[in-house]
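Here is the structure we will look at.
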Amino acid sequence: MSYLMPSEFVTKLVDQGEAKVYMGTRDTLIRAFMAGATLALAVIFAITIATQTGNFLIGALLFPVGFVMLYLMGYDLLTGVFTLVPIAWLDKRPGVTLPRMLKCWGLVGLGNLAGALFIAIFGYMNFTMGGTEEINAVGHTMMEVGESRTVGYQEAGLAGWIVLFLRGMFCNWMVSMGVVGAAISTTVSGKIMAMWMPIIVFFYLGFEHSVVNMFLFPIGLMMGAEFTLYQYIMWNEIPTVLGNLVGGLTLVGLVLYTTHVRTQPKKDLS
């Protein structure tokens, strides 16, 4: 697997965070677009498998193929830059300022959204034969997920919003572990293994991923699911994004940076 020690791969992560800020606008948008599209297609793949087999675990086991492909191609997800760019800022890398970090997040989020919507349009056309046929079983599953994860949370009130935030937070704990996994090994097989494991956990447990939701809820609206755009934004996307930010930054980025870069002095045991 050619495993790298944490002190080695965390430094690589800081370097990656710095590189994201210096990347040109065009390249950032293109890579983010492709990341959103690839992940959305993987969602269709996983839900199709789960619907056809009646076993959600099989879909969860195979969903990480999309995450693996997009990271091997060097594409960017909003959840990943939530983790990588702040540690470059904390490390006081030249040029990595708060406004530039926010701009990077905004561009990646915009690109992810565009890519996810591109696949949502394809999915709608595919599931309805261009709007001429009844929605198939996979489409109905997506509609049900959209309804339960907006109206269901809204009905719970403040508790629902808090649960959404926590599910977003724990989601990016696992997803960012997958981002870290891509830096742990110097071999393709090692990277794939390290990325695959935490992504299965997030998907099977139903945690909330902001980019996945940029696809899942718009396609549900296109197919006539019983929730509104307002409910999607207020009762899913906003708390999910905030949870993703806090989870990736605190449970992965800060932990690794603090304990492997800005470590405490060694104890004097003499």
Expected output for region 137-165 (first residue of a type in the set (D, E), partner open to solvent by less than 50 Å² (accessible area, probe 1.4 Å), Cβ below 6 Å, 6+ apart or cross-chain) is E147/A225; E147/F227
Cβ pairs under 7 Å, 6+ apart or interchain, first in region 1-21 and within 18 Å of P86 (Cβ to Cβ), second of a type in the set (G, A, S) and not in a helix (DSSP H, G or I), ordered by first then second residue, are V21/G95
Run V96 past the list (1) under 19 Å from G248 (Cβ atoms); (2) under 20 Å from the mean Cα position of the chain (by Cα); (3) crowded, with 20+ Cβ neighbours inside 10 Å and report the number of the one that doesn't hold. (2)
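Within region 7-59, restricting attention to residues that are basic (K, R) and either buried (at least 21 other Cβ atoms within 10 Å of the Cβ) or touching a strand residue (DSSP E or B) at 6+ places or on another chain (Cβ under 7 Å) (or both), which residue is farthest from F122 (Cα to Cα)?
Per the criteria, the residue is K20.
Could you grab me the full set of residues in region 173-213 that are outside any helix (DSSP H, G or I), within 16 Å of I47 (Cα to Cα) and not small (G, A, S)?
Passing the criteria: L205, F207, E208, H209.
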So, I199, is that one at pLDDT below 95, crowded, with 18+ Cβ neighbours inside 10 Å, of a type outside the set (D, E, K, R) and over 19 Å from L229 (Cα atoms) or not? no
Condition set assigned to a helix (DSSP H, G or I) and open to solvent by less than 50 Å² (accessible area, probe 1.4 Å), scope region 214-230, selection farthest from G36 (Cα to Cα): answer is G220
Identify the single condition in (1) at pLDDT 95 or above; (2) buried (at least 23 other Cβ atoms within 10 Å of the Cβ) that G181 does not satisfy, given that it satisfies every other one. (1)
Residue among G206, G253, G190, G168 that alone is touching a Lys or Arg at 6+ places or on another chain (Cβ under 8 Å) and of a type in the set (G, A, S): G206
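The values are calculated or read from the model by the stated rules, or taken from the named source; none is laboratory data. For clarity, every value in this text was computed on a predicted model and none was experimentally measured. Here the Cβ is made from the backbone with ideal geometry for all residues, glycine too, and neighbour counts use every protein chain on show. Only protein heavy atoms, including side chains, enter the accessible area calculation; ligands, DNA and RNA are left aside. Shrake-Rupley method; radii C 1.70, N 1.55, O 1.52, S 1.80 Å.
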